[in-house]
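A.B. asks: Provided herewith is a single structure, encoded as structure tokens, for subsequent inquiry.
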Amino acid sequence: QVQLVESGGGLVQAGGSLRLSCVASGRSRYNMAWFRQAPGNEREFLAAISWGVGMTTYEDSVKGRFTISRDNAKNSVTLQMNRLKPEDTAVYYCAAKTGAPRDLGSRFSYSYWGQGTQVTVSS
């Protein structure tokens, strides 16, 4: 059973920064991603990074503000979030999938999920 453990959420003022981290158990080669979900909304894709070469893809609203990176040796992924806005407030989830790096923007592609970490951006 794969476990994803997230850390780094919290409360920050608009314009500030937060860094989220996620560590995956096991030795499989995971493509990893971050999603978020605000109350009443569907779970929204933010960014993904493939195993190996680390190909990245971002949702348009976070391009230039959020950066995803990974440490393959530690099976971990990080989401650096800058210039945060109140509308970024949500529960943030780490996700992982094995296999080819296809459909990385779809939540239905991922088999493994973290428990979520709250990010609150005050105005």
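The values are calculated or read from the model by the stated rules, or taken from the named source; none is laboratory data. Owing to the predicted nature of the structure, the values given are computational and were not obtained by experimental measurement. FYI the Cβ positions are ideal-geometry reconstructions off the backbone, even for glycines, and counts take in every protein chain you see. SASA here: full protein model, heavy atoms, side chains in, ligands and nucleic acids out. Shrake-Rupley method; radii C 1.70, N 1.55, O 1.52, S 1.80 Å.
A.B. asks: Scanning for something out of contact with any strand residue (DSSP E or B) (no Cβ under 7 Å at 6 or more places or on another chain) and over 15 Å from residue 116 (Cβ atoms), does region 2-13 turn up at least one residue?
C.D. replies: Within region 2-13, not a single residue is out of contact with any strand residue (DSSP E or B) (no Cβ under 7 Å at 6 or more places or on another chain) and over 15 Å from residue 116 (Cβ atoms).
A.B. asks: Of the conditions (1) on the phi < 0 side of the Ramachandran plot; (2) assigned to a loop (DSSP other than H, G, I, E, B); (3) surrounded by fewer than 13 Cβ atoms within 10 Å (Cβ to Cβ), residue 15 satisfies every one except a single condition; which number is it?
C.D. replies: (1)
A.B. asks: Of all residues in region 82-97, how many are over 14 Å from residue 44 (Cβ atoms), open to solvent by less than 40 Å² (accessible area, probe 1.4 Å) and touching a Ser or Thr at 6+ places or on another chain (Cβ under 7 Å)?
C.D. replies: Residues that pass the stated criteria total 2.
A.B. asks: For residues that are farther than 21 Å from residue 69 by Cβ, polar (S, T, N, Q) and open to solvent by 60 Å² or more (accessible area, probe 1.4 Å), tally how many sit in region 98-123.
C.D. replies: 4
A.B. asks: Right, here's the next one. Quick one: in region 53-78, of everything that is more than 11 Å from residue 32 (Cα to Cα) and open to solvent by less than 50 Å² (accessible area, probe 1.4 Å), which residue is farthest from the chain's Cα centre (by Cα)?
C.D. replies: Checking each candidate, the answer is 65.
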